[in-house]
1. With 180, 165 as the choices, which residue is more than 14 Å from residue 50 (Cα to Cα), aromatic (Phe, Trp, Tyr) and open to solvent by less than 10 Å² (accessible area, probe 1.4 Å)?
2. Taking residue 225, is it assigned to a loop (DSSP other than H, G, I, E, B) and free of Cβ contacts under 8 Å to residues at least 40 places away in the same chain?
3. Of the numbered conditions (1) more than 16 Å from the ligand (Cβ to nearest atom); (2) more than 18 Å from residue 188 (Cβ to Cβ); (3) out of contact with any Leu (no Cβ under 8 Å at 6 or more places or on another chain); (4) not aromatic (Phe, Trp, Tyr), residue 72 fails exactly one; give the number of that condition.
4. Among 233, 189, which is the only one that is touching a His at 6+ places or on another chain (Cβ under 9 Å), among the β-branched types (Val, Ile, Thr) and not in a loop (DSSP other than H, G, I, E, B)?
5. For region 159-186, give me each residue that is within 23 Å of residue 23 (Cα to Cα) and part of a helix (DSSP H, G or I).
6. Name the one entry in 37, 41 that is modelled with pLDDT under 95 and open to solvent by less than 70 Å² (accessible area, probe 1.4 Å).
7. Limited to region 175-211, what total is found for residues that are free of Cβ contacts under 8 Å to residues at least 12 places away in the same chain and either within 11 Å of the ligand (Cβ to nearest atom) or in contact with a Cys (Cβ under 9 Å, 6 or more places away or on another chain) (or both)?
Amino acid sequence: MTKGQQQYEGKAKRVYATDSPDYYIVEYKDDATAFNGEKRGTILGKGVINNQMSNRLFALLAAHGVANHFVEELSERETLVRAVTIVPIEVVVRNLVAGSMAKRLGLEEGLELKRPLVEFYYKEDSLGDPLITAETAEVLGWATADELQKIQELALQVDAVLREFLKERGVILVDFKLEFGRTRDGELILADEISPDTCRFWDAATREKLDKDRFRRDLGGVEEAYHEMMTRISEV
Ligand code: TMP
């Protein structure tokens, strides 16, 4: 599959066309941003880790019946994926209170939720990705009621699979963000990435942060945290 024209450049990835309209090639960059691009930096080797970690986790999810865009890893930073049009909703699943939820509600980080919570945010950096209801997405035509129902179910299934997998590796899955897309024939599948950029991972014993919060909050040891997570996920 040859790499064609660049279709899109995001903050952490570039997407290229291929010789088939059904496939894209994604290329992961080392660029890191936070707060909707206000804070910028580089995390050396991040692109390689996020590519390999996402692919490992997408393969795990596919084995558990969660259809996703992963096809084949092409190189350290490049992966062949099914071409989709991204649904403009960031789907966040939370197991423990952290980040924007802690801030918005004045809660302590680390508080356990009674059950996993699925939230929807409108994917629009210029507005700071505002929190929305499923009904908002539906009435604006961003997704159908059926799609939103399926997204909710898939998000909880992803949470259950990843939480168990990570627990065995001494990691608490605090929260994470998913994006879904539609293929040319209208199939709704999981897309984007699953990495320390898009998840909060805490060491189960020490509660040390092993994710992008180390960059967002200037905690130091950013590259080390990404490497540590890759090592844990590679354990069989
Ligand atoms: P939040 O607490 O800032 O809302 O983030 C919830 C989760 O979503 C966290 O694991 C980080 C991830 N996330 C992204 O992947 N992209 C984003 O733009 C934001 C705001 C959060």
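The values are calculated or read from the model by the stated rules, or taken from the named source; none is laboratory data. Just so it is clear, the structure is predicted and the values come from calculations on it, not from any experiment. Ideal geometry is used to build each Cβ from the backbone, glycine not excepted, and the neighbour counts take in all protein chains shown. Remember, those area values only see protein heavy atoms, side chains included, never the ligands or the DNA or RNA. Shrake-Rupley method; radii C 1.70, N 1.55, O 1.52, S 1.80 Å.
1. Numbers: 165 fails: open to solvent by less than 10 Å² (accessible area, probe 1.4 Å).
Testing whether each residue is more than 14 Å from residue 50 (Cα to Cα), aromatic (Phe, Trp, Tyr) and open to solvent by less than 10 Å² (accessible area, probe 1.4 Å) leaves just 180.
2. Numbers: assigned to a loop (DSSP other than H, G, I, E, B): no; free of Cβ contacts under 8 Å to residues at least 40 places away in the same chain: yes.
So residue 225 fails the test.
3. Here residue 72 clears every test but (3).
4. Details: 233 fails: touching a His at 6+ places or on another chain (Cβ under 9 Å).
Among 233, 189, only 189 is touching a His at 6+ places or on another chain (Cβ under 9 Å), among the β-branched types (Val, Ile, Thr) and not in a loop (DSSP other than H, G, I, E, B).
5. Result: no residue meets the conditions.
6. Values: 41 fails: modelled with pLDDT under 95.
Of 37, 41, the one residue that is modelled with pLDDT under 95 and open to solvent by less than 70 Å² (accessible area, probe 1.4 Å) is 37.
7. 0
Conditions tested, residue by residue: (1) touching a residue at least 40 places away in the same chain (Cβ under 8 Å); (2) surrounded by 15 or more Cβ atoms within 10 Å (Cβ to Cβ); (3) among the small types (Gly, Ala, Ser).
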| position | (1), (2), (3) |
| --- | --- |
| 81 | yes, yes, no |
| 97 | no, yes, no |
| 120 | no, yes, no |
| 135 | no, no, no |
| 140 | no, no, no |
| 147 | yes, yes, no |
